[in-house]
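The values are calculated or read from the model by the stated rules, or taken from the named source; none is laboratory data. Just so you know, these numbers come straight off a predicted model, no measurement behind them. Counting neighbours? That spans all protein chains shown, and the Cβs are built from the backbone with ideal geometry, glycine included. Ligands, DNA and RNA are excluded from the accessible area calculation, which covers all protein heavy atoms including side chains. Shrake-Rupley method; radii C 1.70, N 1.55, O 1.52, S 1.80 Å.
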Amino acid sequence: MSDEIQLEKEISTLILKILLYIRTNKELPDDSIRELLHSLEEIRKFTKGRDKISKTLAYQLFYLYTTGVSQAVYNKDPDNTILTELYMGIVAVLSDVLYQ
């Protein structure tokens, strides 16, 4: 369980880093989001088969995605593929059925 808690802390730190980058640079940080996607794959190993995940983790993922969608309108790069990948990564954590 401690590995899961440590991983959630790392994910929280990454999310904060991404949110700060979005606010200061007005664009989506592809590299940091890809790093987060890797961590989300790791957390899926812990959450697979469970009906519940951390409320804090769920909130942070939701907030990050909605912030990313809001920023995408103003993104300098019109290619928002990374946002789709983020969506798929988040949904995969929230549901065992999708994106296995």
Quiz item: To the nearest 20 debye, what charge dipole does the chain have about its Cα centre, counting +1 at the Cβ of each Lys and Arg and -1 at the Cβ of each Asp and Glu?
Solution: 340 debye
Quiz item: Where a ≥ b ≥ c are the square roots of the eigenvalues of the C-alpha gyration tensor, would you call the range 45-100 rounded, which needs a/c under 1.5, or, failing that, prolate if a/b is larger than b/c, or oblate?
Solution: oblate
Quiz item: If you take the charge dipole of the chain about its Cα centre, with +1 on Lys and Arg Cβ and -1 on Asp and Glu Cβ, which of ILE82, LEU57, SER39 is farthest toward its positive end?
Solution: LEU57
Quiz item: Tally Lys/Arg at +1 and Asp/Glu at -1 over every other residue whose Cβ is under 15 Å from the Cβ of PHE46; what's the total?
Solution: -2
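What is the gain in length, in nm to one decimal, between ASP30 and GLN6 on full extension, counting 0.36 nm per residue of separation less the C-alpha to C-alpha distance? Before the final figure, lay out each step's value.
Details: separation 24, 0.36 × 24 = 8.64 nm, distance 2.33 nm.
Fully extending the segment from ASP30 to GLN6 adds 6.3 nm.
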Quiz item: So what's the back-of-envelope 222 nm ellipticity for the chain, counting only DSSP H runs of four-plus at -39500 (n - 2.57) apiece and dividing by all residues, rounded to 500?
Solution: -25000 deg cm²/dmol
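Please give the FRET efficiency for THR56 paired with THR81, using the beta carbon to beta carbon distance and R0 = 35 Å, rounded to the nearest 0.05.
0.80
Leaving ligands, DNA and RNA out of it, report the carbon-plus-sulfur percent of the accessible area of the chain at a 1.4 Å probe. All intermediate terms of the calculation are to be shown ahead of the outcome.
Details: 3580 of 6400 Å².
Carbon-and-sulfur percentage of accessible area, whole number: 56.
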Practice problem: Note the listed values (1) 65, 48, 22; (2) 39, 25, 20; (3) 41, 27, 25, then indicate which one is Cα extents along the principal axes in Å calculated from this particular structure. | Solution: (2)
